[in-house]
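Asker: The following block contains the structure, expressed as structure tokens.
The values are calculated or read from the model by the stated rules, or taken from the named source; none is laboratory data. On a predicted model such as this, the values are computed, not experimentally measured, just so you know. Every residue, glycine among them, receives a Cβ derived from its backbone with ideal geometry; neighbour counts consider all protein chains shown. These area figures cover heavy atoms from the full protein model, side chains too; ligands, DNA and RNA do not enter into them. Shrake-Rupley method; radii C 1.70, N 1.55, O 1.52, S 1.80 Å.
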Amino acid sequence: LADWRKGWTHPTSFGAVPKATIHDVSTSLALRVEHARHLALPLAGAALDRQKCFDYLVTDVCLSLALHAGCPADIVNVRRTFYAKHQRYIRMGGAYSPPLARTSGHLQGSSWSLDDIKLLMCVWTNRQHRYVPRPLSTTFVDDSNSTTTTAAELQRSLDATTTFDRLSGQIIHPGKVAGWAVTADLHQEVTQLTLNDQTLRVQNRVKLVG
């Protein structure tokens, strides 16, 4: 299914892509920052990380998206049956609970689960590039980064992210949000922005971890 995966992977999505690393994200971001600083140009952005992304995957959303992206129907049907019958147990002191029906979340460590979150984040990337003027949005699995030239554009990016997470079931990790700007005036404007009805967490230093 390598050709299938290649067909829907966005050019700025780098997680779990052959020969791609987190440096594909960090290097392009560093170059944009240095270019802006050298020419005294405005540049702002936000680095976001999803919270326990595999646990919040919604099966119907993911499998419908896989079909839309051209995944063979027989594979999707097998996965749908698997998750419909998937049960979990709680182990305590050598004893097991009665079986618990799964309500959401996909297995971590499964290549299909990785496809699910990557497909979902490609939707986020496409929406960012379509609805936000002049952005550069990148992803590394569930981590996302957006850069814009104005605070208003960054707010549009954040609003689109809020809508995306509400419809997809994903949740931004509140402790892994980093807004930033390279000029003092723009930095002040960015501190007034919001994400999920909360004031954007703005930092002076941003670390990207893949």
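Asker: Can you work out which of the residues in the range 99-119 that are open to solvent by 60 Å² or more (accessible area, probe 1.4 Å), assigned to a loop (DSSP other than H, G, I, E, B) and out of contact with any Phe, Trp or Tyr (no Cβ under 8 Å at 6 or more places or on another chain) is farthest from PRO18 (Cα to Cα)?
Answerer: The qualifying residue farthest from PRO18 (Cα to Cα) is THR103.
Asker: Go through (1) over 20 Å from VAL25 (Cβ atoms); (2) open to solvent by less than 50 Å² (accessible area, probe 1.4 Å); (3) aromatic (Phe, Trp, Tyr) one by one and return the number of the condition PHE140 breaks.
Answerer: Looking at each condition in turn, PHE140 falls short on (1).
Asker: Out of all the residues in the range 4-15, is one or more farther than 28 Å from PRO174 by Cβ, hydrophobic (A, V, I, L, M, F, W, C), open to solvent by less than 70 Å² (accessible area, probe 1.4 Å) and within 18 Å of the chain's Cα centre (by Cα)? Outline the logic, then answer.
Answerer: Going residue by residue through the range 4-15, those that are farther than 28 Å from PRO174 by Cβ are 4-9, 11.
Subsequent filtering for residues that are hydrophobic (A, V, I, L, M, F, W, C) retains 4, 8.
With open to solvent by less than 70 Å² (accessible area, probe 1.4 Å) added as a condition, the list becomes 4, 8.
Right, trim to within 18 Å of the chain's Cα centre (by Cα) and you get 8.
Yes.
Asker: Same structure again: Taking the range 164-205 on its own, how many of its residues are under 18 Å from VAL141 (Cα atoms), part of a loop (DSSP other than H, G, I, E, B) and open to solvent by 60 Å² or more (accessible area, probe 1.4 Å)?
Answerer: Counting residues in the range 164-205 that are under 18 Å from VAL141 (Cα atoms), part of a loop (DSSP other than H, G, I, E, B) and open to solvent by 60 Å² or more (accessible area, probe 1.4 Å) gives 1.
Asker: Only one of GLN128, GLN155 is surrounded by 18 or more Cβ atoms within 10 Å (Cβ to Cβ), without any contact (Cβ under 8 Å) to a residue 40 or more places away in the chain and closer than 20 Å to PRO11 by Cβ. Can you tell me which?
Answerer: On inspection, the qualifying residue turns out to be GLN128.
Asker: Residues in the range 32-71 that are in a helix (DSSP H, G or I), open to solvent by less than 30 Å² (accessible area, probe 1.4 Å) and among the small types (Gly, Ala, Ser): how many?
Answerer: Going through the range 32-71 one residue at a time, the tally reaches 2.
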